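Take a look at this one; I'll ask things after.
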Amino acid sequence: MNPRRKQRMTVVGSIIFLVGGAVALMLYALNQNIDLFLVPSEVINGKDGVIPQTGQRLRVGGMVVPGSVKRDDDSLDVTFDLTDTGPIVSVSYQGILPDLFREGQGIIITGVLEGANKVRAEEVLAKHDEEYMPAEMAEKVKGIKHVKPSGAGY
Amino acid sequence: MWKWLHPYAKTEATYHLCEKLVPWFAWLAVLGLVVGNIWGLAFAPSDYQQGDSFRIIYIHVPSAMLSMGIYAGMAIAAFVGLVWQIKTAHMAVATMAPVGAVMTFIALFTGSIWGKPMWGTWWVWDARLTSELILLFLYLGVIALYHSFDDKQQASKAAGIIAVVGVVNLPIIHYSVEWWNTLHQGATITKFDKPSIAPEMLWPLLISLAGMACFTGYVVLRRLQSEIIRREIRRPWVIKLAEEVEGGKGAL
């Protein structure tokens, strides 16, 4: 390779390296702000030593605890519990839940922390995993009965 | 080792290579898109969780993968253009950028349409969605920079640098769902494990992906040809080519 090409290669290479390094440092510094949500154990035990304060706006993501969904018969009020590895955050919400909302489902809520483990949600989003399979296979492999979106009856 | 590549530094050779490849890409694109999409949209079983809504995957995933693939290709071309100062490589960058931008837009758009019924929102600022949006801005930056200089040599250099630097974003997009908590789910097929999608749903997806890739190849090659003609309009071989085409018309 002739020296001029070599020089250009070094220049372009070092530009990529420097920009890459800068972006990596930036992402590292912003690391905890890039996470979209806290998991319930982080809400209760804190994340990197910071425990969320009452009145703070936050996003919490976790699994809906089976059997915890309670609907008010006369209004759109609904309460349910979220968990990840043990600690439970209870959520109250008024509004229409997304189609994929059901017990055992991953859910992300945006709201205000009202007590140590109580959140008043303003928005409820449903998360789904990266697995796709037909209903019969889901029943055989995972033992999940097919629940049509919006057919769950919450 | 790279000797076979050398003739294609000449625009004429590249033009004729494109001419030869174009029909192959065109037919494979039609075949892949028709078979993959009809199979996926009409015959593949519906998902146990999402029902029929998941079928948008047959457009969303191929376009999202290609948005990143085209970027990688564009960045390699930009690197070759910058270091070896090969004009054809610079032209390829200018050719690929708009195609990649459209693919990125399709990925974002179909993702949004998919997100509303399933997640409950059109958009959320999670790491995957945001980094894909940045990819769109990178493409737009390359296009804008290329068109903001009258001197195309200068333009190619400036656009090439953005294209090369933007490569940093590709691993961020790919690993965003692993490094951070996101609403977007993890990778289904681009991982070392077995794909977590049932085979009867995976096959139409792979065929759609191949079809979309061939379609991209077709569009890129055709655009590259017209870019070559536009920038080499005063070269004898282009004039000769034009005369041949004119002559052919006259004979009809």
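Every number in this text was worked out from the coordinates using simple rules, so none of it is lab data. Small disclaimer: the values here were computed from a predicted structure and weren't measured. For neighbour counting, all protein chains shown are included, and Cβ atoms are generated from backbone atoms with ideal geometry for every residue, glycine included.
So, with +1 on the Cβ of K and R and -1 on the Cβ of D and E, and no other charges, what is the size of the charge dipole of the protein assembly as shown about its Cα centre, to the nearest 20 debye?
Dipole size: approximately 2000 debye.
Now a separate question. Calculate the spin-label point distance for B:Val35 paired with A:Asn2, positioning each point 7 Å from the Cα along the beta-carbon direction, and give it in nanometres.
With each label point 7 Å from Cα toward Cβ, the separation is 4.8 nm.
Still on this structure: Could you name the aspartates and glutamates in cross-link range of B:Lys191, using Cα to Cα under 20 Å and dropping any fewer than eight places away on the same chain?
A:Asp129, A:Glu130, A:Glu131, B:Glu132, B:Glu178, B:Glu200
Further, regarding this structure: Return the FRET efficiency for the residue pair A:Lys70, B:Leu206: r is the Cβ-Cβ distance, R0 is 41 Å, and the value is rounded to the nearest 0.05.
Working from the Cβ atoms, E equals 0.40.
Further question: With springs connecting C-alpha atoms under 10 Å apart, model chain A as a Gaussian network and identify which of A:Gly21, A:Gly106, A:Gly49 has the largest mean-square fluctuation.
The residue with the greatest mean-square fluctuation here is A:Gly21.
Rank these for me by crowding, B:Leu21, B:Leu138, B:Leu221, going from fewest to most other beta carbons within 10 Å.
Sorted ascending by nearby Cβ count, the order is B:Leu21, B:Leu221, B:Leu138.
In which sequence would B:Glu227, B:Glu246, A:Glu114, B:Glu12 go, from the one with the fewest C-beta neighbours within 10 Å to the one with the most?
B:Glu246, A:Glu114, B:Glu12, B:Glu227
Using a Förster distance of 45 angstrom, determine the FRET efficiency expected from the C-beta separation of B:Phe43 and B:Lys20, and round it to 0.05.
0.85
Are any of the pairs B:Lys157/B:Lys240; A:Lys70/A:Lys118; B:Lys87/B:Lys152; A:Lys47/B:Lys116 more than 20 Å apart by Cα-Cα distance, and if so, which?
The pairs that break the limit, which is 20 Å between Cα atoms, are B:Lys157/B:Lys240; A:Lys47/B:Lys116.
Of the beta bridges DSSP finds with both residues in the stretch A:36-140, what % are antiparallel, to the nearest 5?
If we restrict to bridges inside the stretch A:36-140, about 85 percent are antiparallel.
Sticking with this structure for a sec: Going by C-beta contacts inside 10 Å, put A:Thr54, A:Thr79 in order with the fewest on the left.
A:Thr54, A:Thr79
Select from B:Val124, B:Val238, B:Leu82 the residue farthest towards the positive end of the dipole of chain B; place +1 on Cβ of Lys and Arg, -1 on Cβ of Asp and Glu, and compute about the Cα centre.
Toward the positive end, the furthest listed residue is B:Val238.
Would you mind classifying the stretch A:36-140 by shape? Square roots of the alpha carbon gyration tensor eigenvalues, ordered a ≥ b ≥ c; an a/c under 1.5 is rounded, otherwise it is prolate if a/b is larger than b/c and oblate if not.
oblate
Rg to Rh ratio, the stretch B:1-143, alpha-carbon atoms and Kirkwood radius?
1.06
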